[in-house]
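Reading through the structure tokens given below for one structure.
The values are calculated or read from the model by the stated rules, or taken from the named source; none is laboratory data. Just so you know, these numbers come straight off a predicted model, no measurement behind them. Note that we place each Cβ from the backbone using ideal geometry, even for glycine, and neighbour counts take in every protein chain shown. Surface areas here come from the heavy atoms of the whole protein model, side chains and all, with no ligands, DNA or RNA. Shrake-Rupley method; radii C 1.70, N 1.55, O 1.52, S 1.80 Å.
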Amino acid sequence: MNRYETEYLYKEIFQDQCYLKHGIHLPDGATVLDIGANIGLFSLFVMTRCANARIFACEPAPVVYSLLKANCTAYGSQIHALNVGVSDRKKTAQFTFYEKSSVFSGFHSDLAEDREAIRAVVRNMLSGQSITGDSAEQYIDELTTNRLDHATYECQMTSVSDIVRENGIEKIDLLKIDAEKSELDIIRGIADDDWPKINQIVMEIHDPTRKAIEQIESLLAGKG
């Protein structure tokens, strides 16, 4: 969608390898469920790390999904692109799409929180450069102007267990979740019978209060 987003994600996924920290590994023949796939960079990264991977990449935003599908067609024949959001069950939901900041789009958008998050990203990208103080904040203001121009879509939702059942998935070597405040809903959409099929989970949790983090930690611990 935007070059600066693509470069940021490429650095995060391919160079920093943020999804392979803390012992996460990708064996050959891995089945990976990529929730919050965006344009598919993590799915393509998986293809470079293990042979014969089978990937299910979920992206609800119609515009971004078209790019995900194009990238999968061009580079990843073993990636199955799904134009759905993932939650606790099948339903429809309103999706807020930020055209100039697509990675912040989601089903639980908060303009004030999202604006501060975008400013934090820009501030981090400027760290180490010679711009400081008031001039830095002015520069951040300029760089973040209109970043939250948005449109709203009604999207189809499904659950992890629905994806497992409908695609005949017998195991998930890695469940990756980056879904902008939908993490708890997604975890709650995993049926008891499907938990033993999941070997590893890596997720980004958006929760300044830490309440969702504590709930997710408790739920995961309860599942062993």
Show the residues, 5+ positions off or on another chain, whose built amide H is closer than 5 Å to the amide H of HIS80.
ILE55, PHE56, ALA57
Cross-chain or 8 or more residues apart, Cα under 18 Å: how many lysine pairs in the chain fit that? Count them up, please.
11
A 1.4 Å probe over the protein heavy atoms gives the chain a carbon and sulfur accessible-area percentage of 48
What whole-number value in Å² describes the accessible area per residue of the range 60-150 for a 1.4 Å probe?
56
Which ³J(HN,Hα) values in Hz, rounded to whole numbers, follow from the phi angles of the range 12-26 under the Karplus curve 6.51 cos²θ - 1.76 cosθ + 1.60, where θ = phi - 60° and Gly and Pro get x?
4, 8, 8, 8, 7, 6, 4, 8, 10, 7, 6, x, 5, 9, 10
Taking the range 76-224 and dividing mean pair separation by its residue count, relative contact order in percent (alpha carbons under 8 Å, at least six apart)
31
Assigned charges on the beta-carbon of Lys, Arg, Asp, Glu; the chain dipole about Cα centre (debye):
500
Each label point is 7 Å from the Cα along the Cα-to-Cβ direction; what then is the distance between the points at TYR4 and ASP192, in nm?
4.9
Applying the Karplus parametrisation 6.51 cos²θ - 1.76 cosθ + 1.60 with θ = phi - 60° to the phi angles of the range 169-181, what ³J(HN,Hα) value in whole Hz is obtained for each residue in order, glycine and proline being reported as x?
7, 9, 8, 10, 5, 8, 9, 9, 10, 9, 10, 6, 6
Only bridges with both residues in the range 1-116 count here: give the DSSP antiparallel percent, nearest 5.
10
Hydrodynamic calc, the range 59-101: Kirkwood Rh from Cα pairs, then Stokes-Einstein at 37 °C with viscosity 0.692 mPa s, so D in µm² s⁻¹ is 281
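Suppose we keep just the DSSP beta bridges with both residues in the chain; what percent of those would be antiparallel, to 5?
30
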